Amino acid sequence: MLTLAATALAIARAAAASDARALAAAMKQALRSDGFELRVALRDPADAAATPARVAIVGEFDAQRRRVALCGIAPATIAGRRYRAELGADGRVRMLEPAGADAQAPLYASALVAWDLLGAWWDWPQQRLGGSDRARGHACRWLRSRRATAGAVTEVDSCIDAARGLALNSSLWLSSLLEATSFVTPVLERYFVRTVARLALAVDPADAQARARARAFVLEEARHAAAHQRFNRALLAYLGSAPPGLAWIRRLADAAERRLDLTLRLATVEVMERAAAGIARRYLARAPGWRFGCDYARHLFAQHAREELGHAEIIAGLQPGAGRGGTRWLVAPLLGAAILAYLALAVPWIAARKLGHPRLPIDPR
């Protein structure tokens, strides 16, 4: 009986692996074309009022090679700007124009990269089926594509509507964004904790409620930092080093702690906590439809998002009126710009590391 059960399990696993490879092969076949041409509008979902960039794309996907050529149409700042890329026999995407450019670099100041257009992950040797789901109104089946190479492991999850030849919700960039956020979280939490802990020393000892709120905030943020540090240790082992820009954010936080008075420091904490609460609400609304390969990461980000919702009100209540003037709103865009600059460096760097990219755009070591 045990032998029969083991045999049945082996057959089931082999069938699943065969089905996964067949699904990846079907996606490759769906992409094949002797030649195609299309016009696309690249829109920023976060800025509905912005004028989309219009781009022409010409491609050739056959059994021997995959190539794409892009030419900017409008606005004038991108008109005539050209890119060409191909997927080599070794599975790597190379830029032909400009020669030697980074295939992970954004094109036309958008989220589009050449690597996305060429679908290199369908050629990877390890393909594994997951469960059924729905994405963007389509019934689909999850497929995990994985490639093991020396010093790097690449994984991309895609939810595939095989009937229409659509791959939805490929997750490489989303996971890189969450991981970049996790790296910077302990740095910001340390600044929050030290600021509120210093305030707690100045609170009237007779105001037991305010002291209790400050203590609860400090303990909760310290737990968040410790949980992210544990996750980040695993990321460091996986990626080899921390992303670029992180040390700069750490120096900026240390300088703010030394040079700003307590009132302005509290104002900066409140501004950042209000921004974090807005992000947390969006995360909690969207994350149930995302696929995580790590249960610890899923629980970590969900719990942190839930606990983040009330923090801004706690800070505002600890010292009403603190930093309520215009100074607070001068600080806010500076903080936002610093964090966005860090993410702009860290996210593509992490994605490139996952892909085992031989020429990283920035290497901090």
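Return the distance in nm (one decimal) between the two label points of a simple spin-label model at R306 and L340, each offset 7 Å from Cα along Cα→Cβ.
Simple spin-label model gives 3.2 nm for this pair.
Report the extension gain between R198 and A247 in nm, rounded to one decimal, defined as 0.36 nm multiplied by the number of residues separating them, less their alpha carbon distance.
On the way: separation 49, 0.36 × 49 = 17.64 nm, distance 2.40 nm.
Fully extending the segment from R198 to A247 adds 15.2 nm.
Checking a compactness column here: for region 232-271, what do you get for Rg(Cα) / (2.2 N^0.38 Å), N being the number of residues?
Numbers: Rg = 14.2 Å, N = 40, 2.2 N^0.38 = 8.9 Å.
Ratio of Cα Rg to 2.2 N^0.38 Å: 1.59.
Sort the following peptides by mean Cβ neighbour count (other Cβ atoms within 10 Å, averaged over residues), highest first: 176-189, 76-89. All intermediate terms of the calculation are to be shown ahead of the outcome.
Details: 176-189: 21.2, 76-89: 14.6.
The packing order, highest mean first, is 176-189, 76-89.
Does region 36-147 come out rounded, prolate or oblate by the C-alpha gyration tensor, with a ≥ b ≥ c the root eigenvalues, rounded set by a/c under 1.5 and, if not, prolate when a/b is larger than b/c and oblate if not? Write out the running numbers ahead of the final one.
Values: a/c = 2.21, a/b = 1.25, b/c = 1.77.
Judged from the Cα gyration tensor, region 36-147 comes out oblate (a/c at least 1.5, b/c at or above a/b).
Hey, with R₀ at 25 Å, roughly what FRET efficiency would R282 and S132 work out to, going by the Cβ-Cβ distance, to 0.05?
On the way: r = 26 Å, r/R0 = 1.03.
Computed FRET efficiency for R282 and S132: 0.45.
Evaluate the distance, in nm, between pseudo-label points positioned 7 Å from the Cα of A226 and of A22 along their respective Cα→Cβ axes.
Taking the two extended label points, one gets 5.1 nm.
Can you tell me the length gained on complete extension of the stretch Q29 to A41, counting 0.36 nm per residue apart and subtracting the Cα distance?
1.8 nm
Round to the nearest 0.05 the FRET efficiency obtained for R259 and A162 when R0 = 41 Å and r is the Cβ-Cβ distance. Mind dumping the intermediate values first?
Working: r = 58 Å, r/R0 = 1.42.
Rounded to the nearest 0.05, the efficiency is 0.10.
What FRET efficiency comes out for the pair A89/D207, r = Cβ-Cβ distance, R0 = 56 Å, nearest 0.05? Walk me through the numbers before you get to the answer.
On the way: r = 71 Å, r/R0 = 1.26.
Efficiency, rounded to the nearest 0.05: 0.20.
If packing is taken as the average number of other Cβ atoms within 10 Å across a peptide's residues, how do 250-262, 103-115, 334-346 rank, most packed first? Working shown, then result.
On the way: 250-262: 13.7, 103-115: 18.7, 334-346: 15.7.
The packing order, highest mean first, is 103-115, 334-346, 250-262.
Where a number appears in this text, it was derived from the coordinates with a stated rule and is not lab data. These numbers were taken from a predicted model, which means no experiment stands behind them. Neighbour counts are summed over all protein chains in view; Cβ atoms, including those assigned to glycine, are modelled from backbone coordinates with ideal geometry.
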